Amino acid sequence: MQASGALLVGWLDKGLMAMYSIEYMKPILDELLSLFSGEIHTDKMNRNLYSHDASIYELVPEAVLFPKNTKDIKSLVQFVNSYKHTYPALSITPRSAGTDMSGGPIGNSLVVDMTKYFNTIHSASSTTLHVQPGVFMRDIDPLLLKHNAMLGCVPASRAINTIGGMVGNNSAGEQSLRYGNTDRSVQELKVVFADGNEYVVTPLNQRELDIKIAKHDYEGELYRKVYQLIEDNYDLVKNARPKVNKNSMGYNLWAVWDRDTGIFDMTQLITGSQGTLGVITDIKIKAVPKAKHSGLLLAYLTDLKYLGEIIPLVMSHQPATFEGFDDITFNLGVKYFKTFQKQLGMKEWLKQQSQLLSSVAKFKGHLPSIVLMIEFEGDTYQEVNDKILAMQSDLHGHKIHIRTEIEGNEQDSKPFWQIRRASLTLLRQRVKDKYASCFMDDLAVQPQFVPEFFPQIRKIIRKYKLPATIAGHFGDGNFHIIPLMDITDPAEQIKLEPAMRELVPIVLKYGGTLAGEHNDGMVRGPWLPAMFGDDMYALFKDTKEIFDPHYIFNPHKKTDASWDFSMNHIRTKGGAGLIK
Ligand SMILES: Cc1cc2nc3c(=O)[nH]c(=O)nc-3n(C[C@H](O)[C@H](O)[C@H](O)COP(=O)(O)OP(=O)(O)OC[C@H]3O[C@@H](n4cnc5c(N)ncnc54)[C@H](O)[C@@H]3O)c2cc1C
């Protein structure tokens with residue numbers, strides 16, 4: 001049930017009943033209602049609906065809020081500030097589409113859904129997109145296409161996620177091989193910080209920074225403290241950046257201040273902060289040109305063990321994108337391709353289905369262990385074709401047994417993109433009795449280390465008997481390893497900590513990260529000290545406290561996470577959570 005101002009009385013009757021079970025909110029909720037023009041839900045159904053994301057965790061909120069405008073968010077922050085001392089558990093968890101795999105958008109106090117009212121698209125051009133954070137990526141894609149443009153950081157979850165979540169998580173996707181994570185595209189943000197005011201956050205030159213720092217107000221103090229923190233620890237901060245193409249762990253301190261360029265860019269800190277530093281209310285982000293022509297080379301490996309060798313070889317051809325998935329995913333994709341009918345529309349679905357079936361028929365019942373999707377782009381069809389043929393010939397000249405197919409144009413390659421992009425959704429929705437359990441789901445190292453790195457990871461998978469599926473952005477050395485487990489079973493749960501303990505030193509040895517794009521949340525937050533060292537972790541913690549000294553934003557995530565808290569909140573029910 002959803003209540004607007006006009007429906008408030010009817011809603012209050014039921015809402016109040018639910019409210020009494022939330023004892024500490026009782027005396028203060030009336031005040032919040034009077035400050036808020038959006039909707040506040042305290043009924044059991046909504047609270048349960050919002051207790052999950054795509055992670056292994058479950059946190060039931062006390063209320064779900066739908067702010068109508070920035071004034072609502074400002075009032076909310078001021079409200080929480082005024083009661084935080086009396087009710088220490090009171091907090092704000094921003095949430096967009098809730099497709100996060102780390103527990104980022106769930107919380108047990110006030111969850112704030114941005115998708116209902118913060119969904120205005122201000123403008124879209126070939127170079128810039130200006131939107132509110134609750135806009136779904138599926139609504140942005142066609143708009144940019146009219147300008148032959150796209151975002152360079154769109155995740156595989158593009159059919160179900162929002163732009164606010166991408167900024168929140170510092171997301172990335174198939175195009176990130178060239179365009180990096182979301183932080184590389186963000187141009188300007190508006191954010192409501194802990195003082196309850198909205199600020200424009202944008203890159204500053206030295207003169208502009210000096211002006212900000214000289215201000216005797218909240219904003220001045222924020223800039224002064226962040227600048228000082230980085231200046232005082234400059235080498236430590238710069239060296240802490242993981243040596244990978246993609247990273248979404250920690251706070252992006254290393255990208256904020258650069259002595260050489262004299263640019264101070266706090267958008268970098270907000271991007272990837274998972275709602276722990278403030279609530280984003282407005283986003284300007286760079287659009288990039290969409291290539292005139294593209295073509296896909298599909299390469300099929302008979303054994304996963306060859307993957308390590310193949311990745312550097314493919315990368316030497318500089319593909320535009322390089323993705324892949326395993327046989328479990330392929331099987332599910334073929335079996336449940338019918339479920340894409342609604343999303344694709346009947347005509348397009350029929351086309352893709354028939355294309356897929358003719359590709360599958362060639363395997364005569366034996367699907368390959370790994371499907372590699374190697375995409376090339378160019379200004380002409382000929383240019384693309386030449387690149388594909390060169391890649392194909394190189395692959396066949398290699399000693400590994402490999403089969404290839406050229407899905408020459410974009411239309412032919414569509415069903416494979418569909419399966420790749422929906423791979424995790426398929427796992428989450430179609431594998432019965434097991435849950436796609438994300439904890440080692442986003443490892444990344446530089447591609448040249450993959451041949452050494454990958455076998456060591458497979459050893460851990462075998463040792464802990466984790467029947468895992470593998471998909472990922474192989475060109476970035478970014479692997480989505482998703483064990484299918486009954487995560488409610490304590491015998492399965494106890495595997496998580498020792499497996500993570502073994503993973504960390506391997507990832508560190510190659511300068512990698514536990515999260516190329518899925519961020520820390522509750523699952524990797526506890527491993528930040530192990531990954532970055534105590535000194536850098538202390539700076540992350542200082543950063544959190546500069547922005548949010550009273551911990552009103554998104555507790556139990558990133559530097560505020562603890563393994564015990566996270567393990568005590570493993571999801572109890574199955575299901576895919578709330579996906580819109
Ligand atoms: C099937 C599937 C495939 C996926 N593939 C990818 C992939 O290829 N690449 C990738 O990077 N991720 C992927 N993900 C993870 C997830 O979809 C992305 O991180 C996505 O960008 C999150 O968007 P969302 O709208 O669901 O955000 P949410 O999950 O709602 O939020 C994400 C984080 O941002 C914070 N946040 C949200 N809105 C705001 C705001 N207005 N202000 C401040 N903080 C905010 C939240 O607190 C949370 O911590 C996948 C997930 C699924 C389920």
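For segment 257-296, taking the residues that are hydroxyl-bearing (Ser, Thr, Tyr) and assigned to a strand (DSSP E or B), the one that is modelled with the lowest pLDDT is identified as 294. For segment 472-558, the helices (runs of 4 or more DSSP H) that sit wholly inside it and include 2 or more residues that are β-branched (Val, Ile, Thr) are 496-509, 534-547. Criterion applied to 273, 294 was being within 28 Å of residue 125 (Cβ to Cβ), within 13 Å of the ligand (Cβ to nearest atom) and not aromatic (Phe, Trp, Tyr), and the one residue passing it is 273. Could you tell me whether residue 332 is farther than 28 Å from residue 399 by Cα, among the hydrophobic types (A, V, I, L, M, F, W, C), modelled with pLDDT under 90 and open to solvent by less than 30 Å² (accessible area, probe 1.4 Å)? Yes: the conditions hold for residue 332. Scanning segment 137-160 for residues that are under 19 Å from residue 342 (Cα atoms) and open to solvent by 20 Å² or more (accessible area, probe 1.4 Å) returns 138, 139, 141, 142, 156, 157, 158, 159, 160. Among the conditions (1) within 20 Å of residue 187 (Cβ to Cβ); (2) free of Cβ contacts under 8 Å to residues at least 60 places away in the same chain, residue 138 misses just one, which is (1).
Within segment 410-440, the set of residues being in contact with an Asp or Glu (Cβ under 6 Å, 6 or more places away or on another chain) and within 12 Å of the ligand (Cβ to nearest atom) comprises just one member, 420.
Applying a threshold of 7 Å to beta carbon distances and a minimum spacing of six or more residues, or different chains, the list of pairs starting in segment 150-167 at a residue that is of a type in the set (Val, Ile, Thr) and within 6 Å of the ligand (Cβ to nearest atom) and ending at one that is open to solvent by 10 Å² or more (accessible area, probe 1.4 Å) and modelled with pLDDT of 95 or more reads 162/96; 162/115; 162/136.
When 313, 357 are checked against the criterion of being in contact with a His (Cβ under 7 Å, 6 or more places away or on another chain) and modelled with pLDDT of 85 or more, a single residue qualifies: 313.
With respect to residue 339, determine if the residue is within 16 Å of the ligand (Cβ to nearest atom), at negative phi and surrounded by fewer than 23 Cβ atoms within 10 Å (Cβ to Cβ). Here the answer is yes, as residue 339 does meet what is asked.
Here residue 349 meets the list (1) free of Cβ contacts under 8 Å to residues at least 40 places away in the same chain; (2) closer than 24 Å to residue 153 by Cα; (3) hydrophobic (A, V, I, L, M, F, W, C) almost entirely, failing just condition (2).
The residues in segment 99-120 that are closer than 20 Å to residue 552 by Cα and buried (at least 24 other Cβ atoms within 10 Å of the Cβ) can be counted, and the count is 10. Screening residue 457 with (1) under 19 Å from residue 325 (Cα atoms); (2) touching a residue at least 40 places away in the same chain (Cβ under 8 Å); (3) open to solvent by 10 Å² or more (accessible area, probe 1.4 Å) gives one miss only, at (3).
Taken together, 443, 395, 372 contain a single residue that is at pLDDT 85 or above, within 16 Å of the ligand (Cβ to nearest atom) and touching a helix residue (DSSP H, G or I) at 6+ places or on another chain (Cβ under 8 Å), which is 443. Taken together, the residues in segment 123-135 that are without any contact (Cβ under 8 Å) to a residue 40 or more places away in the chain and open to solvent by 30 Å² or more (accessible area, probe 1.4 Å) amount to 1.
When each of 569, 556 is tested for being at pLDDT 95 or above, touching a helix residue (DSSP H, G or I) at 6+ places or on another chain (Cβ under 6 Å) and of a type outside the set (Lys, Arg), the lone residue that passes is 556.
Taking only segment 89-102 into account, find how many residues are under 18 Å from the mean Cα position of the chain (by Cα) and either among the charged types (D, E, K, R) or more than 8 Å from the ligand (Cβ to nearest atom) (or both).
Step one: of segment 89-102, the residues under 18 Å from the mean Cα position of the chain (by Cα) are 93-102.
In the following step, the residues that additionally are either among the charged types (D, E, K, R) or more than 8 Å from the ligand (Cβ to nearest atom) (or both) were identified as 95, 100.
Looking only at that region, the number is 2.
Across segment 180-204, the number of residues qualifying as more than 13 Å from the ligand (Cβ to nearest atom) and aliphatic (A, V, I, L, M) comes to 2. Only a single item in (1) among the aliphatic types (A, V, I, L, M); (2) in contact with a strand residue (DSSP E or B) (Cβ under 6 Å, 6 or more places away or on another chain); (3) open to solvent by less than 10 Å² (accessible area, probe 1.4 Å) is not met by residue 200, and it is number (3).
Look at residue 509 and say whether it is closer than 30 Å to residue 110 by Cα and among the basic types (Lys, Arg). Judged against the criteria, residue 509 is not a match.
Annotation: of all residues in segment 6-33 being among the hydroxyl-bearing types (Ser, Thr, Tyr) and open to solvent by less than 90 Å² (accessible area, probe 1.4 Å), the one that is modelled with the highest pLDDT is 24. Close contacts from segment 226-240, counting a first residue that is farther than 10 Å from residue 536 by Cα and a second that is in a loop (DSSP other than H, G, I, E, B), with Cβ to Cβ under 8 Å and a gap of 6+ residues or different chains, come to 226/256; 226/266; 230/256; 234/259.
Within segment 231-256, the set of residues being part of a loop (DSSP other than H, G, I, E, B) and more than 28 Å from residue 479 (Cβ to Cβ) comprises 233, 256.
The values are calculated or read from the model by the stated rules, or taken from the named source; none is laboratory data. As the structure is a prediction and not an experimental result, all values here were calculated from the model. Methodologically, a virtual Cβ is constructed for each residue, glycine included, from the backbone with ideal geometry; neighbour enumeration extends over all protein chains shown. Side chains included, ligands, DNA and RNA excluded: accessible areas come from the protein's heavy atoms. Shrake-Rupley method; radii C 1.70, N 1.55, O 1.52, S 1.80 Å.
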